[in-house]
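Notes for the one structure printed next.
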Amino acid sequence: MERERQKARDKRRRGLLVGAAVVGVLGLAAVVGVLAAGAGDDKKDKDTTGPVVVPKGASGEDKLSIPLGKDSAKSTLTVWEDFRCPACKQFEDMYRSTINDLAARGMLKVNYHLATLIDGNMGGSGSLHAANAAACAQDAGKFAPYHDELFKNQPPEPDDAFADNAKLIELAGKVDGLVTAPFKKCVNDGTHNSWVGKSHEAFQKAELRGTPTVLLDGKDIFSDQQNPLTPQKLKTMVEKANQ
C-alpha cells in the first residue's frame, strides 16, 4: 500500500513538473513575442532617420523653432515644450491667454521649440507624433490653434494616446480648415519626424533643466521658485519693454 501511495505521489509530482515547464515555456515565448513586437513597433514609430523636412515658416538656428507673433515685437519668449509633458500643460493652461494676447498686440514674439522628453522617460512615441502633427499644422498656417488644442486635450502622462495618428487628426477637427488631405498625409507619413528629432537633439545639447523651459529675452523666468512667475508679471515685463 505504501509503495502504491509513493507511486501515486511520484506520478503527481512528474505531472506538476511537466505542467510547470510547459507553462514556463509558453510564458517565456509570450514575453519574447511581446517584447519583439513592441521593439519593432517602437523603432518604427520613433524613426527620425529620414530627410529633415523643415515646416513652412520655421525660424532660428537650423530652422528649429516655430514663431508666433510679429518680428517687430520688442520682447521674445522662447518656450521649450513636450506635448506629453504635464508641467507644460499646466504652463499653457495658466499663460495661454496672456501669451496669445501679447502676441496679437504686437508686443511679444514667441519661439516654440518641440522636444520628445516624455517618450524617452515613459516610453512610447506620442511626443514625437504630436510634434510632427503640430509641424504639419504649421505648414497649413494653423500651428497656434492646434498647439493649444493638443495641450487642452493632453492625455495622462503614462497614456501614449498621441501615438495614434487618428487621434491627432481627430483633434485637428477642432481647428477650422485644418483637416485636409495634405495635412492627413503629413501626419500619417511622419513628414517632419526627423525635424522633430533634430529639435530634441538641440534641446539635449542646450542642457536645459527640463520642459517647460521659458526664457524671456534669453533669461529664464520660469524656474525661480523664490520669485515665481505669474501671468500678470509676464504681462507687466513685456509691456514695460514695449514702452
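List of remarks:
- Virtual spin-label span in nm between Lys56 and Asp93, 7 Å along Cα→Cβ: 3.3 nm
- The relative contact order of the stretch 121-167, computed from alpha carbon pairs under 8 Å that lie at least 6 residues apart in sequence, is 55 percent.
- Carbon + sulfur, % of accessible area of the stretch 47-242 - ligands and nucleic acids excluded, 1.4 Å: 49 percent
- Furthest towards positive pole of dipole, Cys85, Phe143, Asn193, structure part the stretch 47-242, Cβ charges: Phe143
- The modelled label-to-label distance for the pair Ile221/Lys174, using points 7 Å beyond Cα in the direction of Cβ, is 2.6 nm.
- Extension gain, Lys240 to Met122: 0.36 nm times the residue separation minus the Cα-Cα distance gives 38.4 nm.
- Cα centroid separation, the stretch 172-234 to the stretch 93-123: 6 Å.
- Positive-end residue of Gly126, Met237, Thr213, charge dipole of the stretch 47-242 with Cβ unit charges: Met237
- Cα-based shape type of the stretch 66-192, given that a ≥ b ≥ c are square roots of the gyration tensor eigenvalues and the cut on a/c is 1.5: oblate
- Exceeding the 27 Å Cα-Cα cut-off - candidates Lys89/Lys184; Lys70/Lys240; Lys142/Lys235; Lys46/Lys74; Lys70/Lys167; Lys198/Lys219: Lys46/Lys74; Lys70/Lys167
- Entry comment: accessible area of the stretch 47-242 is 46 Å² per residue, from protein heavy atoms only and a probe of 1.4 Å.
The values are calculated or read from the model by the stated rules, or taken from the named source; none is laboratory data. Since we're looking at a predicted model, the values are computed, not measured. Positions of Cβ are backbone-derived with ideal geometry, glycine not excepted, and every protein chain shown enters the neighbour counts. Only protein heavy atoms, including side chains, enter the accessible area calculation; ligands, DNA and RNA are left aside. Shrake-Rupley method; radii C 1.70, N 1.55, O 1.52, S 1.80 Å.
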